[in-house]
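Note sheet for the following structure.
What follows is calculated from the coordinates using simple rules that are stated; it is not laboratory data. As the structure is a prediction and not an experimental result, all values here were calculated from the model. No Cβ is skipped: glycine too gets one built from the backbone with ideal geometry, and neighbour counts run over all protein chains shown.
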């Protein structure tokens, strides 16, 4: 009887999931792109995505909650739309990418709903968290990078960039102050999971801190040319 051939191909390692969180204007998109570039330069497959979005249905739902002109969107409706977009995101994009060993980097995830629809809109934070845990089948990032920005600084940055604000960005500063505190509270409750950084630091300095936290998480394949990621 012939023995089955042994494949010399190393099966893909489980992927790594990184989320960037913080108030509007914190620089999440910039840091997410920079981390993606660093990891790709080290030979990693990287999936760079955002919320709400990342999928066809997610992008359509994004316009409902962020664009002006859709009429009144009450807090519960807003929370449900974000959760629906996140369910599609987790099932259609994030989980398949992680299964093949990719690094998934998302600009916002569940913490944003807990902060914005919980603290910001006044919904019970536990209920918002439970809704999104159900929507994602409890898929959690390996690490969450929180870029801490004051409401005033965030608004100044947004104005300097393009001057146009979406529905949530255009909320008053007290709304954004509640969100900032909610993010900091989440991070304080699980400090080992979070990397909290002052968004006022130079872009390059922030990127160095992020890389130092994420690179050690990337699986090393013995003998692979990218065994050392640095």
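Quick notes on this one:
- Of the residues 214, 73, 114, the one that moves most in a GNM of the chain with alpha-carbon contacts below 10 Å is 73.
- C-alpha long axis of helix 75-89 to longest principal axis of the chain, angle in °: 20 degrees
- Each peptide in 147-156, 119-128 gets a packing score, the mean of other Cβ atoms within 10 Å over its residues, and the list from highest to lowest is 147-156, 119-128.
- Each peptide among 96-103, 188-195, 45-52 gets the average number of other Cβ atoms lying within 10 Å of its residues, and from highest to lowest they stand as 45-52, 96-103, 188-195.
- Separation of the stretch 80-94 from the stretch 138-200 is 21 Å, based on Cα centroids.
- Using C-alpha pairs below 8 Å separated by at least 6 residues, the relative contact order for the stretch 16-217 is 32 percent.
- Computed over the chain, the range of Cα coordinates on each principal axis works out to 71, 40, 33 Å, biggest value leading.
- Panel order for 175, 17, by other beta carbons found within 10 Å of each beta carbon, from fewest to most: 175, 17.
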